[in-house]
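To keep things clear, I will list the structure first and then write my remarks on it.
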Amino acid sequence: NDPSQRKVMVHFINRTVNDAPFNGFNETGNTDLYNQGVVGLDFVVEEGNDGAVALRLQGAEGCTIQDVNIDLTAGGHTGIWGIPASGGSTHRVTVNGGRVGIDTRQVSGGGGGSQPQPVVTGSTFRNQTEYAIRATTRGSLVMVGCRIESNRPGPV
C-alpha cells in the first residue's frame, strides 16, 4: 500500500545464465528482449495496492502489448511501466484509473523505460490522477487514434 514502492503484477525481463556454475541468473537488459507478447489479458488491482503496476514489458523487435484492459479504479499506481519499441508496439490498451496510464521513464534503480520510438495505437486512458501518459523516450513517442479522458480539470 505504498505508492513509492512499486510492485509489478506481470514483469517481462531478459535473463541469461552466468558462465560460472551455480551463480544463478543475470538480467541482461531489455535491449535484447525480443518476440514477447501480452495479448487479450485483463488486469484488476484491488483496494490497498497503491504501489501496484499491472504490467512491465520494455522490449524491442517483435514485442507487443495488444487488447489489454487494466482496471486501477480501486487501487494501483501505473497501468504499464515500460513499453515495447524499436520494432515493438502497443495496441488497443485501456487503462482506467490509477496515477499513471503509461510511464516510459527509466527510473533510477527501478527499471521502466522504453526503447527508441515507441508506438501506441487505438488506446484509451481514463481518469488518471497524475498523468495519462508520462513519457521520456529516445526519439519521439507516436500515438495514433488514442483517447484521453479526465473527470477533473487541468492537464492530464
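The values are calculated or read from the model by the stated rules, or taken from the named source; none is laboratory data. Since the model is a prediction, treat every value here as computed from it, not as a measurement. Here the Cβ positions follow ideal geometry from the backbone for every residue, glycine too, while neighbour counts run over all protein chains shown. Heads up: the accessible areas ignore ligands, DNA and RNA and are worked out on the full protein's heavy atoms, side chains in. Shrake-Rupley method; radii C 1.70, N 1.55, O 1.52, S 1.80 Å.
Just a few scattered comments:
- Considering only residues in the stretch 95-122 that are in a loop (DSSP other than H, G, I, E, B), on the phi > 0 side of the Ramachandran plot and crowded, with 19+ Cβ neighbours inside 10 Å, the one that is modelled with the highest pLDDT turns out to be G98.
- When G75, G79 are checked against the criterion of being farther than 14 Å from S123 by Cα and in contact (Cβ under 8 Å) with a residue 24 or more places away in the chain, a single residue qualifies: G75.
- The set of residues in the stretch 65-94 being modelled with pLDDT under 95, in contact with a Ser or Thr (Cβ under 9 Å, 6 or more places away or on another chain) and either small (G, A, S) or open to solvent by 50 Å² or more (accessible area, probe 1.4 Å) (or both) consists of G82, A85, S86, G88.
- The residue list T90, T73 contains one member that is under 21 Å from Q117 (Cα atoms) and out of contact with any helix residue (DSSP H, G or I) (no Cβ under 6 Å at 6 or more places or on another chain), which is T90.
Residue by residue, here is whether (1) open to solvent by 90 Å² or more (accessible area, probe 1.4 Å); (2) in contact with a helix residue (DSSP H, G or I) (Cβ under 9 Å, 6 or more places away or on another chain); (3) at pLDDT 90 or above holds:
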| position | (1), (2), (3) |
| --- | --- |
| V17 | yes, no, no |
| T28 | no, no, no |
| G37 | no, no, yes |
| L55 | no, no, yes |
